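What follows draws every value from the coordinates through simple rules; no lab data is involved. A quick note: this is a predicted structure, and the numbers were derived from the prediction, not measured. So basically every Cβ, Gly included, is an ideal-geometry build from the backbone, and we count neighbours across all protein chains shown.
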Amino acid sequence: MDWASVAGVLLALAGVIVGQMLEGGKVTSLLQPAAFAIVVIGTFGAVLLQTRFKTFVRGLRMLRLVFAPPQDTRAALAREINAWNLAARRDGLLSLERYMLSSKDQFNVKGLRLIVDGIAPEKLRQLLDTEITAYETAERQAVRIWESAAGYSPTIGILGAVLGLIHVMENLTDPSKLGAGIAVAFVSTIYGVGLANLFFYPIANKLKAIVTQAVHQQEIAAAVFYDIATGDHTRVIDERIATLMREH
């Protein structure tokens, strides 16, 4: 569990609620189901309209990574790289087959398989780079649904405000109904702007950082596979490992 993300959500909500209370307002006045439905359903409807359903679902599933991010596998990857290099130099490239069969990372499995199959180093690097590009593109498209939601929600909030004012205008002769319409109008704007800047944008940025970290590790692994295939100096691979461990 990433407690910093949990604390961020709580602080964001606390800031709005405490501010409302300090101004003498009631917290319950911020709870408007109609405004919430307009903003949230409208926002995700617009995002779904512009996105393939598979990508949309993938982006929603990635939300869990904000609060339960992937484990840091840099140290484990560094150990694997050392083992691959040692085995390739001591027993030959075919000895990497046992690591290929035991690895749980599909990218590493592919890299080791290409080496064992005797693929030319340049072609190997090209294939791995293509794999990285495809992975990064798919992940960033999924993350983009949160950026899109952040862009749409303020506008949808304004739409909710206009709908609330329409409700007010329709009931000018009935003062008892004016308050509800005005509340929906103002709270819709709060929901739209608040969700965009307190949740959607931060979620998108957090997920982009996670994707960037994963891509960097794949790039280093691809470079190592190329080094092993070409029989490059061990010092070069040691430098790759040092770069990997410096990443944050």
- Excluding exposed DSSP-loop trypsin sites (Lys or Arg not before Pro) (at most 16 other C-beta within 10 Å), longest clean stretch of the chain: 105-248
- Query: Which ³J(HN,Hα) values, rounded to whole Hz and listed in residue order, are derived for the range 84-92 from phi using the Karplus coefficients 6.51, -1.76 and 1.60 in 6.51 cos²θ - 1.76 cosθ + 1.60 with θ = phi - 60°, glycine and proline given as x?
  - Reply: 4, 4, 5, 5, 5, 6, 8, 10, x
- Task: Compute log10 of I(q)/I(0) for the range 207-248 with the Debye formula, placing one identical point scatterer on every Cα and leaving out solvent, at q = 0.29 Å⁻¹, to two decimals.
- Result: -0.97
- Message: Shape verdict for the range 1-86, please, from the Cα gyration tensor: rounded (a/c under 1.5), prolate (a/b greater than b/c) or oblate.
- Response: oblate
- So what's the net charge close to PHE199: Lys and Arg +1, Asp and Glu -1, counting the other residues with Cβ under 13 Å from its Cβ? 0
- Query: For the chain, what is the convex hull volume of its Cα atoms per residue in Å³?
  - Reply: 130 Å³
- Message: How big is the dipole moment of the chain about its Cα centre under a simple scheme where the beta carbon of each Lys and Arg is +1, that of each Asp and Glu is -1, and everything else is neutral? Debye, nearest 20, please.
- Response: 320 debye
- Task: Positive end of the charge dipole of the chain (Lys, Arg +1 and Asp, Glu -1 on Cβ, about the Cα centre): tell me which of ALA221, PHE199, ALA76 has its Cα farthest that way.
- Result: ALA76
- Query: By how many degrees, 0 to 90 and rounded to 10, does the Cα axis of helix 106-116 deviate from the longest principal axis of the chain?
  - Reply: 20 degrees
- Note on the structure: With a ≥ b ≥ c from the Cα gyration tensor eigenvalues, square-rooted, and the rule rounded for a/c under 1.5, otherwise prolate when a/b > b/c and oblate otherwise, the range 1-51 is oblate
